[in-house]
Amino acid sequence: MHCLRGVPYISLIATLLCFSGIALFCGCGHQALTESERLIERYFNRDHQDYMTLAYLIEYFLYIIYGLASFFFLYCIVLLAEGFYTSSAVRQSFGEFRSTVCGRFLSTSFIVVTYVLVVVWLLVFSLTALPVFFFNNMTNTCNTIQILYETPSSINQLCIDVRQYGLLPWNAVPGKVCGITLFNVCKTQEFSMTYNYYIAAFGGAGMTVLALLTYTVSTTYNFAVLRYLGRKGISPRC
């Protein structure tokens, strides 16, 4: 019971939430980008040169995903350790608590870094909604094609042009898929898998934002605890 009272439950919940969100975002985002590359190469592009820029961008994003997974794993562990550092059980175990200048500086640094990460991940969360919007728009167009299946002239006017979304240059051929061909693309398993991967990555980004906001509350509270305890006596060294 003594140990359980000292567990920083807010930091622990935020850590589990962050691990789950990052795992969803990185894992599903990796698969979604890989499947998107195959879809565009197979159905929207005939010239490999038009496709090279997008392929390089996807490769760079994959490396960014690897870096994000490593960084957040370490950062969440550090924040969890900082939560244990300011817990009551630790203070009781080691006797009279003395807040140090280094401790308060570290807590301030965690607050600033976490605030910056919240802003960055709000942007990431917004950007992750774009491919979800694209695939949702494509799905709605395919549903319309299914409804108007008996009128070929109307179906051929329903298209998805990836050049409008900046995925391919304007001189890319064909750059768009229309009518029955588009409907057949929507029925493929790779399309549904890619759509689901993007939805999962979008949810993972939202979970990460929620975890970072929880960390913000936790680190701010920890800093207030250190400031309060620092009035009792401050050691000149860490």
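The values are calculated or read from the model by the stated rules, or taken from the named source; none is laboratory data. Keep in mind that this is a model prediction, so the values were computed, not measured. Here the Cβ is made from the backbone with ideal geometry for all residues, glycine too, and neighbour counts use every protein chain on show.
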Test: PHE135 is surrounded by 12 or more Cβ atoms within 10 Å (Cβ to Cβ), modelled with pLDDT under 90 and of a type in the set (Phe, Trp, Tyr): no
Just checking, does the range 185-196 include any residue being surrounded by 17 or more Cβ atoms within 10 Å (Cβ to Cβ), among the hydroxyl-bearing types (Ser, Thr, Tyr) and in contact with a helix residue (DSSP H, G or I) (Cβ under 9 Å, 6 or more places away or on another chain)? yes
Considering residues that are in contact with a Leu (Cβ under 7 Å, 6 or more places away or on another chain) and at pLDDT 85 or above, the number found within the range 138-157 is 4
Residues that are within 29 Å of the chain's Cα centre (by Cα) and either among the acidic types (Asp, Glu) or modelled with pLDDT of 90 or more (or both): does the range 80-94 have at least one? yes
Do we have LEU54 as out of contact with any strand residue (DSSP E or B) (no Cβ under 7 Å at 6 or more places or on another chain), modelled with pLDDT under 85, on the phi < 0 side of the Ramachandran plot and part of a helix (DSSP H, G or I) here? yes
Looking at the range 116-133, which of its residues are closer than 13 Å to VAL209 by Cα and in contact (Cβ under 8 Å) with a residue 12 or more places away in the chain? LEU117, VAL118, TRP121, LEU122, VAL124, PHE125, THR128
